[in-house]
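The values are calculated or read from the model by the stated rules, or taken from the named source; none is laboratory data. Fair warning: this is a prediction, and the values are worked out from it, not measured in the lab. Virtual Cβ from ideal backbone geometry, glycine too; neighbours counted across all protein chains shown.
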Amino acid sequence: MKLDETDIKLINLLQEDCKQPIKDLSQKLNLSVAPIHERIKKLEKNGIIKRYVAIIDIGLVNKPLINYCNVSINRHTSEKFIEFESSIRAMDEVLECYYISGNSDFLLKVISANMDEYQNFILNKLAKLDIISNINTQFVLRHVKFKTSINV
């Protein structure tokens, strides 16, 4: 799908606040409500807008500990990668998982309430996967920047 200038502005407005009434969006874009509604539906249909989410304050829901785990698996076969990825998808503590280049195979973003909860995750979930050969963790000391929007 080719995006025009209005689509890009609409996407940026929705990333800023997706709960804005269509009437407000139409005023900001100098279009009537119907074309804005159609553009949003088209962006959704074409997969540009995948879903709408709420951004949660992790401190207020008692999940302030963020860390990144570099994980290596012991055998590089497609079956092992599929097995690992399937296991990770079932772990609620893992917010993000990336297959990466370098010394490790995967980078995980993990969230927990405290060190005890994180240790429990490592010992009783992640390390129990017999395909893992190494786990190396970096703990986030301070949150410097966080955003979910991209410049289109």
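A few remarks follow.
- Residue within the stretch 76-85 that is assigned to a helix (DSSP H, G or I), in the same structural domain as residue 125 (by TED's automatic domain parsing) and either among the polar types (S, T, N, Q) or in contact with a His (Cβ under 9 Å, 6 or more places away or on another chain) (or both) present: yes
- Selection status of residue 71, under 30 Å from residue 127 (Cα atoms), in contact with a Leu (Cβ under 9 Å, 6 or more places away or on another chain) and in contact (Cβ under 8 Å) with a residue 60 or more places away in the chain: yes
- Any hit, the stretch 109-117, residues being surrounded by 13 or more Cβ atoms within 10 Å (Cβ to Cβ), in contact with a Cys (Cβ under 9 Å, 6 or more places away or on another chain) and under 27 Å from residue 54 (Cβ atoms): yes
Let's see how each residue does on (1) within 18 Å of residue 149 (Cβ to Cβ); (2) in contact (Cβ under 8 Å) with a residue 12 or more places away in the chain:
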position: 8; (1), (2): yes, yes
position: 17; (1), (2): yes, no
position: 26; (1), (2): no, no
position: 32; (1), (2): no, no
position: 38; (1), (2): no, no
position: 42; (1), (2): no, yes
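- Members of the stretch 69-85 found to be loosely packed, with under 15 Cβ neighbours inside 10 Å and either aromatic (Phe, Trp, Tyr) or within 20 Å of the chain's Cα centre (by Cα) (or both), listed by number: 82, 85
- Single match in 136, 120 (criterion: modelled with pLDDT of 95 or more, surrounded by 11 or more Cβ atoms within 10 Å (Cβ to Cβ) and assigned to a helix (DSSP H, G or I)): 120
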